[in-house]
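The values are calculated or read from the model by the stated rules, or taken from the named source; none is laboratory data. It should be emphasised that the depicted structure is a prediction, and the values quoted were computed from it without experimental measurement. Cβ atoms come from the backbone with ideal geometry, glycine included; neighbour counts cover every protein chain shown.
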Amino acid sequence: MRVGAQPLAGGFGGMAAAGGEGTEGDSDGGSEELVLTPAQLIHSLEQAWLNEKFAPELLESKPEIIECVVEQLDHMEENLKRAKRGDLKVSVHRMEIERIRYVLSSYLRCRLVKIEKFFPHVLEKEKSRAEGEPSILSPEEFAFAKEYMANTETYLKNVALKHMPPNLQKVSLLKSVPKPNLDSFVFLRVLERQENILVQPEMDEQRDYTIDLEEGSQHLIRYKTIAPLVASGAVQLI
Amino acid sequence: MAGERAVGLVRELHRAAGGHLPPFRAEGLRQALEEMRALYERNQADVSEAKSGRTDLIFLIRFRHCCLLRNQRCILAYLYDRLLRIRALRWEYGSVLPNTIQFHMSAEEVEWFNRYKKSLATYMRSVGGEEGLDLTQDIKPPKTLYIEVRCLRDYGEFEIDDGTTVLLKKNSQHFLPRWKCEQLIRQGVLEHILS
């Protein structure tokens, strides 16, 4: 994925142009990569951020989005450094940078919180991931999760477990640490029409039924039912 | 009553609301572990008795085993919950904890905290370009670029982006860029004035 050569804040074309190579030149027409405008990139970031905020479990990692956003922020900072002092556009662009940085930080923080909260399950899921299946952890997050696990395990072992009777010295973190609650309800907006989604009601008396999700409609539904749709981008959590 | 010590630890921690970290009860922990050892030893003795015919002891053995499991669960819950509170401290206070809080931590907890800090720092450095992205900043969405702040205590000179320095003396007020002040506000050096 690459970010195309359009200024971020639409009306301030002069700003980006003055920045020179602050925008990428996409001269290699033979590239297979998906080229996004900065606006589309930020929109993807916001979508990923909202999904991550409202989903009970850790979602797929989006390294390409993060990398591109970081690059964009760097470019914007560069442009700002070269701008005239006291120019009104500086304030607006700085505000833009602040906002984007907030969304990015919030997104990454949200992921870290989930990684720490569900660390044995997250690591187990990653370990048993099939070849070709997308990863829920970036390499850096994976390293962080492993360190967190090792740190906590060592601590519990040294402070308590090794002083306990022999048959109680091992404890399964996978069993003790709570799993994410996939049955929690989430709000969503439908982006792509879906047909025949199987809904399993909580009451045993009601039978399973199917529903169609119309584009643009909003629903309150159990996360488990629509988890694959979040991953595919067919729905957006709100 | 078996398990009282361990449950007592959990109860005290539960009462300390709002993520507050009470002092580490090393003595309470030691006593709970001691109780586990005593229970186990008595069970060992009774198991050999039961094997040689005294099957009436089986219920007692099972009961003691349940006590052991309960103790284990309470102790681990106590320790783990404290770790979660300590973790929250890194995000609230930064990498240097106030002395009052450090007094409440055991040596092993301090070690855990240091390793967690390091791990987090490595992660933050790896994301976001050359300098990394400090995720402990930008906790709230930005509303304005500049904010009014009052200095709560003497801090000294403080440099802003365009090179000018500001002298942060107690009770002085300044109009500063938001992103530069966040860290100092959280440390309690500056106070955001909301008009």
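Applying the criterion of being more than 26 Å from A:Lys117 (Cβ to Cβ) and touching a Leu at 6+ places or on another chain (Cβ under 6 Å) to the residues of region A:176-196, the residue that is modelled with the lowest pLDDT is A:Gln194. Remark: pairs (first residue in region B:139-151, within 12 Å of chain A (Cβ to nearest Cβ); second residue in a loop (DSSP other than H, G, I, E, B) and basic (Lys, Arg); Cβ separation under 7 Å; 6+ apart in sequence or on different chains) are absent. Every condition in (1) assigned to a helix (DSSP H, G or I); (2) more than 7 Å from every other protein chain (Cβ to nearest Cβ); (3) in contact (Cβ under 8 Å) with a residue 40 or more places away in the chain; (4) hydrophobic (A, V, I, L, M, F, W, C) holds for A:Leu108 except the one numbered (2).
A quick yes/no check of all residues on (1) at positive phi; (2) aliphatic (A, V, I, L, M):
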{"position": "B:Gly156", "(1), (2)": "yes, no"}
{"position": "B:Val166", "(1), (2)": "no, yes"}
{"position": "B:Gln173", "(1), (2)": "no, no"}
{"position": "B:Pro177", "(1), (2)": "no, no"}
{"position": "B:Arg186", "(1), (2)": "no, no"}
{"position": "B:Glu191", "(1), (2)": "no, no"}
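Here region A:161-177 is the region considered, the condition is being in contact with a Phe, Trp or Tyr (Cβ under 9 Å, 6 or more places away or on another chain) and in a loop (DSSP other than H, G, I, E, B), and the residue that is nearest to the other protein chains (Cβ to nearest Cβ) is A:Pro165.
One line per residue, one yes/no per condition, for (1) touching a helix residue (DSSP H, G or I) at 6+ places or on another chain (Cβ under 8 Å); (2) among the basic types (Lys, Arg):
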residue: B:Leu21; (1), (2): yes, no
residue: B:Arg30; (1), (2): no, yes
residue: B:Leu33; (1), (2): yes, no
residue: B:Leu39; (1), (2): yes, no
residue: B:Asp46; (1), (2): yes, no
residue: B:Glu49; (1), (2): yes, no
residue: B:Phe59; (1), (2): no, no
residue: B:Cys66; (1), (2): no, no
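Restricting attention to region A:111-160 and to residues that are facing chain B (nearest Cβ under 10 Å) and among the small types (Gly, Ala, Ser), the residue that is surrounded by the fewest Cβ atoms within 10 Å (Cβ to Cβ) turns out to be A:Ala150.
Restricting region B:69-117 to residues that are without any contact (Cβ under 8 Å) to a residue 12 or more places away in the chain and among the acidic types (Asp, Glu), the residue that is nearest to the other protein chains (Cβ to nearest Cβ) is B:Glu108. Residue pairs whose Cβ atoms lie under 6 Å apart, sitting 6 or more positions apart in sequence or on different chains, and linking a residue in region B:174-193 that is in contact (Cβ under 8 Å) with a residue 40 or more places away in the chain and among the aliphatic types (A, V, I, L, M) to a partner that is surrounded by 18 or more Cβ atoms within 10 Å (Cβ to Cβ) and part of a helix (DSSP H, G or I), are B:Leu190/B:Cys181; B:Leu190/B:Leu184.
Look through A:Val103, A:Val90 and report the one residue that is within 13 Å of chain B (Cβ to nearest Cβ), in contact (Cβ under 8 Å) with a residue 12 or more places away in the chain and assigned to a helix (DSSP H, G or I).
Values: A:Val90 fails: in contact (Cβ under 8 Å) with a residue 12 or more places away in the chain.
Of A:Val103, A:Val90, the one residue that is within 13 Å of chain B (Cβ to nearest Cβ), in contact (Cβ under 8 Å) with a residue 12 or more places away in the chain and assigned to a helix (DSSP H, G or I) is A:Val103.
Out of curiosity, is B:Ser52 more than 10 Å from chain A (Cβ to nearest Cβ), closer than 21 Å to A:Leu168 by Cα and of a type in the set (Ser, Thr, Tyr)? The answer is no for B:Ser52.
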